[in-house]
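**Student:** Sharing a structure, written as structure tokens. Questions coming.
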Amino acid sequence: MSDDIYREIILDHYRNPRNKGKMPEADVSIHDSNPLCGDEIDIHLRVDGDKIKDIKFEGRGCAISQASASMLTEMVMNKPLTSVKDLTKDDILESIGLLNLGPARIKCALLSLKVLKLGMVKYYADRDPDSAKKLQEDTRAL
């Protein structure tokens, strides 16, 4: 796809975010921010068995951070938790079509993935400590 198409997709997700909102009865809620630019993301998950039953995000920040969060929620909705564990920064950058971002903008694009993985660490902490530890290590690399 051309860069223009990806820019349109990013703008569409920024202007019309999917799965944005609060989730009062979430199994996991987690918040993080990017202090360099002020982007903030909260992710709320409802888990059923081994699947993400529902996911919502709240946040503020640049178009890239907010669009990335919107796209990520679509990527993981109704997916097994194991698929979230396997998501990489390249998966996110490919989905938003911006593989050549500078270091500061990459942090914007990856903030939602970092928050989601931190949420998974929190979810697994009591249920599967080994998975929680691995996810925590993966999150440090983002």
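**Student:** Show me the ranking of peptides 15-24, 115-124 by mean Cβ neighbours inside 10 Å, starting with the highest. Please report the intermediate quantities before stating the final value.
**Tutor:** On the way: 15-24: 13.5, 115-124: 22.7.
Result, highest mean Cβ count within 10 Å first: 115-124, 15-24.
**Student:** Given 10 Å bins starting at zero, what is the percent of C-alpha pairs of the stretch 63-120 in each, up to the one with the largest pair distance?
**Tutor:** Answer for the stretch 63-120: a P(r) of 24, 60, 16, 0 percent.
**Student:** To the nearest whole percent, what portion of all C-alpha pairs in the chain is separated by more than 24 angstrom?
**Tutor:** Values: 2402 of 10011 pairs.
Percent of Cα pairs beyond 24 Å in the chain: 24.
**Student:** Pulled fully out, how much extra length does the chain show between C37 and E8, if you take 0.36 nm times their separation in residues and subtract their Cα-Cα distance?
**Tutor:** Numbers: separation 29, 0.36 × 29 = 10.44 nm, distance 2.25 nm.
Full extension from C37 to E8 adds 8.2 nm.
**Student:** Please give the calculated 222 nm ellipticity per residue for the chain, where each DSSP H segment of at least 4 residues contributes -39500 (n - 2.57) and the sum is spread over every residue; nearest 500 deg cm²/dmol? Mind dumping the intermediate values first?
**Tutor:** Details: 6 runs with 78 residues, N = 142.
Computed ellipticity for the chain at 222 nm equals -17500 deg cm²/dmol.
**Student:** Now a separate question. Mind checking the angle between helix 63-76 and the chain's longest principal axis? C-alpha axes, 0 to 90 degrees, to the nearest 10.
**Tutor:** For helix 63-76, the angle is close to 40 degrees.
**Student:** Between N16 and M77, what is the spin-label point distance in nm, taking each point 7 Å from the Cα along the Cα→C-beta axis?
**Tutor:** Modelled inter-label distance: 1.3 nm.
**Student:** Additional query: Where the only charges are on Cβ atoms (+1 Lys, Arg; -1 Asp, Glu), what is the dipole of the stretch 32-82 about its Cα centre, to the nearest 20 debye?
**Tutor:** Numbers: 6 positive and 9 negative charges, 35 e Å.
The dipole of the stretch 32-82 has a size of about 160 debye.
**Student:** Of the heavy-atom accessible surface of the chain (probe 1.4 angstrom), what whole percent is carbon and sulfur? If you can, show how the numbers build up before the last one.
**Tutor:** Details: 3620 of 7590 Å².
Carbon and sulfur: 48 percent of the exposed surface of the chain.
**Student:** Moving to a separate point now. Find how many whole Å separate the alpha carbon centroid of the stretch 107-142 from the alpha carbon centroid of the stretch 49-106.
**Tutor:** Each part's Cα centre sits 13 Å from the other's.
**Student:** Between beta-carbons, use under 11 Å as the cut-off and find the net charge around A141, counting Lys and Arg +1, Asp and Glu -1. The partial results should precede the final answer.
**Tutor:** Numbers: positive: K89, K114, K117, R140; negative: E137, D138.
It works out to a net charge of +2.
**Student:** I need the calculated FRET efficiency for the pair N100 and A125, taking r as the beta carbon distance and R₀ as 41 Å, to the nearest 0.05. Walk me through the numbers on the way to the answer.
**Tutor:** On the way: r = 36 Å, r/R0 = 0.88.
Efficiency, from the Cβ-Cβ distance: 0.70.
**Student:** Using a Förster radius of 35 Å, what is the FRET efficiency between Q136 and A63 based on their Cβ-Cβ separation? Nearest 0.05, please. If you can, show how the numbers build up before the last one.
**Tutor:** Details: r = 29 Å, r/R0 = 0.83.
Calculated transfer efficiency: 0.75.
**Student:** What share of the DSSP beta bridges in the chain is antiparallel, in percent to the nearest 5? If you can, show how the numbers build up before the last one.
**Tutor:** Numbers: 17 of 18 bridges.
Percent antiparallel among DSSP bridges in the chain is about 95.
The values are calculated or read from the model by the stated rules, or taken from the named source; none is laboratory data. Just so it is clear, the model here is predicted, and its values are computed rather than measured. Cβ: placed from backbone, ideal geometry, glycine included. Neighbour counts: every protein chain shown. Remember, those area values only see protein heavy atoms, side chains included, never the ligands or the DNA or RNA. Shrake-Rupley method; radii C 1.70, N 1.55, O 1.52, S 1.80 Å.
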